[in-house]
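Structure record follows, encoded as structure tokens.
The values are calculated or read from the model by the stated rules, or taken from the named source; none is laboratory data. These figures come from a predicted structure and were not determined experimentally. Here the Cβ positions follow ideal geometry from the backbone for every residue, glycine too, while neighbour counts run over all protein chains shown.
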Amino acid sequence: MGNEQSLARPSGRTSETPDNEPLGVLREVFGHAEFRAGQRDAVDALLDGRDAVVLLPTGAGKSLCYQVPAVVAARAGRGTTIVVSPLIALMNDQVSALVGRGIKAAALHSHQDDDQRQAVIRALGRGELELLYISPERAVLDGFKRLLSRARIAMLAIDEAHCVSQWGHDFRPEYLRLDELRDVLGVPTIALTATATPRVMDEIVGSLGLREPTIVRGDFRRPNLTFEVQHHHHDDARLEVAIEALERAGLRRLTGAGRGIVYCATRKKTESVADGLTAAGFAVGHYHAGRTAPARERAQRAFALGKIRVLVATNAFGMGVDYPDVRVIVHFQTPGSLEAYYQEAGRAGRDGDPGHCLLLFGAVDLVTQRRLNERDRASATIEHRREAALAAVEQYVNAATCRQRLLCAHFSAAEHAACGLCDACVDPGSIRVVRRPEARPIIALSSDEQQLVVDAVGALHRPIGKGNLAKALRGSQSKVMAANGLLRLPQHGMLAERDEASIVATIDTLIANRRLVRRGRKYPTVALPGVTRARSTRTVRSRPTTPRAPRTSSVAYELDSYRKRMARQLKWKSYMVFQRGVIAAIDKQRPMTKEALLRISGLGPAKIARFGDDILAVVRRHTPTS
């Protein structure tokens, strides 16, 4: 298929590097000291006039593989790099980040008015652009191909290249015609993806007509991620598990570091899960293609700015999602392929800190995926491929071996050691399909036991559902019990001899007899009749009038506030100003001059010119002078 490149070769020179060469551009423009494994191979291939295919996992720096040579080529007078990207939001994010680094980048898409589009076209014609982002639909238009044939084009980059393959999970028919654009331009081409099996890689090369491309395959291991699968048939159980995972990450609090994403397969499920998490006290938004564009934008912006800490979404919240501090990814329903799953799960822990990837599975999820596939009439070949993808998912969730090893093997033939973190590694005995237990006869509780249930409801400090109340009365020690204060309930464990179904049936009887009442519709709780629990006490406790001191240092706290403020002003995401790793390095090194700031990895001259004075002012304000 091509020339496979080893990722063990040295990356970059050790001596002084001119700023018009790849390593110089990487350091001067992008603020990184060295290339990561595989990046330099792709960069060298393009600058030498060769094609390349890059398969690197989410967060491994795919974009730099074409952005660095694009800047080098533009500085050498070779022209503009054309980047094909499938989503307008992804284009806009990339362009904003590049412009913030002083790079002349632009996009052409349908959300622009005529004046904006004409301004971009004129800049392309004058040779002023280093990178131009376009959609695959625009790339195959005859008029646009004629426009590019009159411009000076250096190279072509095709992002999310798995969309070219009908074996892929995001197939886009327009990608099949991108070889037409290659024929018109006749320039080196790079295809990039974070999720492609060997079969998909072959199809990318063949469909795009790449000539003896350099193949760069990254290591798909994510040593900071913990993968876990749980089998649950019913939504109530799934919601409890999701709440527990989010709570364990500290995401119930309204403020703090980190965020979580809960993926659902359908729009309806997205909304119901968001309602359930909101009722459980989380700051939650939801995102799916059925919402209006302004509603989706509000939800995504609130998530980006930290106003909500959990987002429940379908796969419409997909390609281009780039938040460094996602601590938890919960798949409330199983996706339709391992490619889709690993791409979405890979959005956790992009800052290198631990992330938890929890997949909830039930046989009904496969039924849901087949129903979704029925909406678009596909050929028998594509139907076969979809069934093969579902079979791979089912094999994964029922496997008793290392989760991460299985996922890496799906994308590469390389052998990997067990991760030592996933549920199969930590507790192999727990890996089993949870089957519906045989029904047990419901036994009526005595009058004394019924009174005990009523007394327990009267002793509750917060409203809970009848299922959790039954578990508490049976003596459950789960984390959900601890989180709701049920371990301290006086009646905890006093009905240990009774089964849960009998206790729940008794609660229903007490409600029917008006000794208890049901509150709420979607996620009902139980209470004593005529008793309304005051919320003011909880509000006062959770929102103290005296501000608490930040857990981080003063420098880190103020720099984080500064980057959020600048992001709002510039309409960027916070990480585009500078990432958390930059904050940590500044806090540790306490630079006092712009020369010292240049030694902070991830900044670079363009960011220092824009934000350097403000950064130094913060450092000086909190650093005593001798």
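With the checklist (1) over 23 Å from Leu55 (Cβ atoms); (2) outside any helix (DSSP H, G or I); (3) at pLDDT 95 or above; (4) of a type outside the set (Lys, Arg) in hand, flag the one item Val120 doesn't pass.
It fails just one condition, (2).
Could you check region 234-258 and list, in sequence order, the residues that are under 20 Å from Asp322 (Cα atoms) and either assigned by TED's automatic domain parsing to the domain that holds Tyr575 or in contact (Cβ under 8 Å) with a residue 60 or more places away in the chain (or both)?
Listed by number, the residues that qualify are Leu246, Ala249, Leu251, Ala257, Gly258.
Counting only residues that are surrounded by fewer than 24 Cβ atoms within 10 Å (Cβ to Cβ) and part of a strand (DSSP E or B), which one in region 187-218 is nearest to the chain's Cα centre (by Cα)?
Step by step, filter region 187-218, then rank; the result is Arg217.
Residue by residue through region 576-590, note down the ones that are crowded, with 17+ Cβ neighbours inside 10 Å and touching a Lys or Arg at 6+ places or on another chain (Cβ under 8 Å).
Val577, Phe578, Ile583 - these are the residues of region 576-590 that are crowded, with 17+ Cβ neighbours inside 10 Å and touching a Lys or Arg at 6+ places or on another chain (Cβ under 8 Å).
Name the residue, out of Thr537, Thr593, that is over 25 Å from Gln94 (Cα atoms) and at pLDDT 80 or above.
Going through Thr537, Thr593 in turn, the sole match is Thr593.
Of the conditions (1) over 18 Å from the mean Cα position of the chain (by Cα); (2) surrounded by fewer than 20 Cβ atoms within 10 Å (Cβ to Cβ); (3) of a type in the set (A, V, I, L, M), Leu277 clears all except one; give me its number.
(2)
Could you list, in sequence order, the residues of region 82-100 that are buried (at least 24 other Cβ atoms within 10 Å of the Cβ), part of a helix (DSSP H, G or I) and out of contact with any Leu (no Cβ under 7 Å at 6 or more places or on another chain)?
Within region 82-100, the subset buried (at least 24 other Cβ atoms within 10 Å of the Cβ) is 82-85, 91, 98.
Of the ones still in play, those that are also part of a helix (DSSP H, G or I) are 91, 98.
Selection gives Met91 alone.
Any residue that is touching a helix residue (DSSP H, G or I) at 6+ places or on another chain (Cβ under 7 Å) and part of a loop (DSSP other than H, G, I, E, B) - is there at least one of those in region 55-62? Steps first, answer last, please.
To start, the set of residues in region 55-62 that are touching a helix residue (DSSP H, G or I) at 6+ places or on another chain (Cβ under 7 Å) comprises 55, 58, 61.
Next, only the ones that are part of a loop (DSSP other than H, G, I, E, B) stay: 58, 61.
Looking for residues that are touching a helix residue (DSSP H, G or I) at 6+ places or on another chain (Cβ under 7 Å) and part of a loop (DSSP other than H, G, I, E, B), one finds at least one in region 55-62, hence yes.
Matching residues to (1) within 16 Å of Gln451 (Cα to Cα); (2) surrounded by 14 or more Cβ atoms within 10 Å (Cβ to Cβ):
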| residue | (1), (2) |
| --- | --- |
| Gly465 | no, yes |
| Ala483 | no, yes |
| Leu486 | no, yes |
| Pro490 | yes, no |
| Met494 | yes, yes |
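Name the residues in region 64-81 that are surrounded by 19 or more Cβ atoms within 10 Å (Cβ to Cβ), within 20 Å of Gln39 (Cβ to Cβ) and either out of contact with any Asp or Glu (no Cβ under 9 Å at 6 or more places or on another chain) or not β-branched (Val, Ile, Thr) (or both), would you? Let's see the steps before the verdict.
Start the filter on region 64-81 by keeping residues that are surrounded by 19 or more Cβ atoms within 10 Å (Cβ to Cβ), which leaves 64-74, 79-81.
Checking which are within 20 Å of Gln39 (Cβ to Cβ) leaves us with 64-74, 81.
Leu64, Cys65, Tyr66, Gln67, Val68, Pro69, Ala70, Ala73, Ala74, listed by residue number.
Can we say Gly127 is out of contact with any Phe, Trp or Tyr (no Cβ under 6 Å at 6 or more places or on another chain), touching a residue at least 40 places away in the same chain (Cβ under 8 Å) and on the phi > 0 side of the Ramachandran plot? Steps first, please.
Details: out of contact with any Phe, Trp or Tyr (no Cβ under 6 Å at 6 or more places or on another chain): yes; touching a residue at least 40 places away in the same chain (Cβ under 8 Å): yes; on the phi > 0 side of the Ramachandran plot: yes.
Taking the combined requirement at face value, the residue satisfies it.
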